């Protein structure tokens with residue numbers, strides 16, 4: 001099949017500057033409603049990639065996200081939320097962006113066009129066959145991402161991708177591609193919108209499902225979360241209270257002793 005870059009196609013709306021605020025936000029919302037339905041069509045692809053991620057992480061591997069611009073930032077966001085949410089090491093899920101950390105806040109000129117830097121960035125982490133690398137690019141054409149996955153394939157590293165175009169160079173390179181076809185953006189070519197939303201939804205699925213299967217969730221609770229602020233301490237105490245049927249004072253004492261909800265529940269049962 002031919003590769004058509006639907007993420008760059010002309011918007012279904014025109015004369016945006018003539019729309020009222022109400023019209024603009026209503027039309028954006030109408031477009032956004034289509035994104036979960038597009039993700040739903042990709043669930044079989046998402047499942048296949050997650051199976052590989054779970055398998056590799058259970059055997060001591062790591063998950064790498066690699067992208068440029070919005071896609072790179074979304075990967076870093078998802079990776080950075082895993083330690084506080086699930087209590088895992090910062091080295092388990094790693095997000096890399098073209099241009100390095102400074103590109104998280106400000107665009108770095110021509111960074112996404114490099115065909116070698118992505119692999120060099122992975123080598124700094126001693127990338128190996130134990131790991132999984134997921135390329136994120138709405139267009140599916142970003143050289144930084146596509147060429148990095150090619151090098152991974154050459155080195156027998158499992159690769160996946162999240163893209164919003166069908167049969168793109170990226171999805172043809174990745175062993176486990178995820179293609180979420182959201183169609184043209186409300187603002188022509190602004191893939192931070194529907195495409196970015198789709199990528200975020202898929203990333204949520206990948207890490208949440210993986211962490212559940214790694215045993216980082218009990219029931220429906222984040223029992224390994226980091227207690228990094230008062231809100232989370234309060235949430236942890238409530239988990240312990242409900243699980244052990246004890247008072248807030250007793251739960252607070254357990255949490256102060258063991259510094260972890262799971263351990264508090266474990267020792268509270270003794």
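Bear in mind these aren't lab numbers, they're just calculated from the coordinates by the rules spelled out. Everything numeric here is computed off the predicted structure, so don't read it as measured data. Cβ placement follows ideal geometry from the backbone for every residue including glycine, while neighbour counts extend to all protein chains displayed.
Overview of values
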quantity	calculated
MRE, 222 nm, helices only [DSSP H, n ≥ 4, -39500 (n - 2.57), over the chain, to nearest 500]	-15000 deg cm²/dmol
DSSP-defined antiparallel bridges as percent of all bridges, the range 6-213, nearest 5	0
Percentage relative contact order, the range 106-208, counting C-alpha pairs under 8 Å, at least six apart	22
Kirkwood hydrodynamic radius of the range 60-193, Cα pairs, Å	14.8
Protection-proxy order for peptides 19-30, 111-122, each taking the mean of Cβ atoms within 10 Å per residue, highest first	111-122, 19-30
Rounded Å value of the spacing that divides the Cα centres of the range 12-37 and the range 110-156	34
Cα gyration tensor category, rounded, prolate or oblate, for the range 18-63 with a/c compared to 1.5	prolate
Cα convex hull volume per residue for the chain (Å³)	160
Relative packing of 185-197, 59-71, which averages over residues the other C-beta atoms within 10 Å, highest first	59-71, 185-197
The range 60-77 versus the range 199-270: alpha-carbon centroid distance in Å	26
Directionally averaged projected area (convex hull, Cα atoms, the range 132-270), nm²	11.6
Gyration tensor (alpha-carbon) shape descriptor, the range 1-143, a/c threshold 1.5	prolate
Computed over the range 6-213: relative contact order in percent, which uses C-alpha pairs under 8 Å that are six or more apart	29
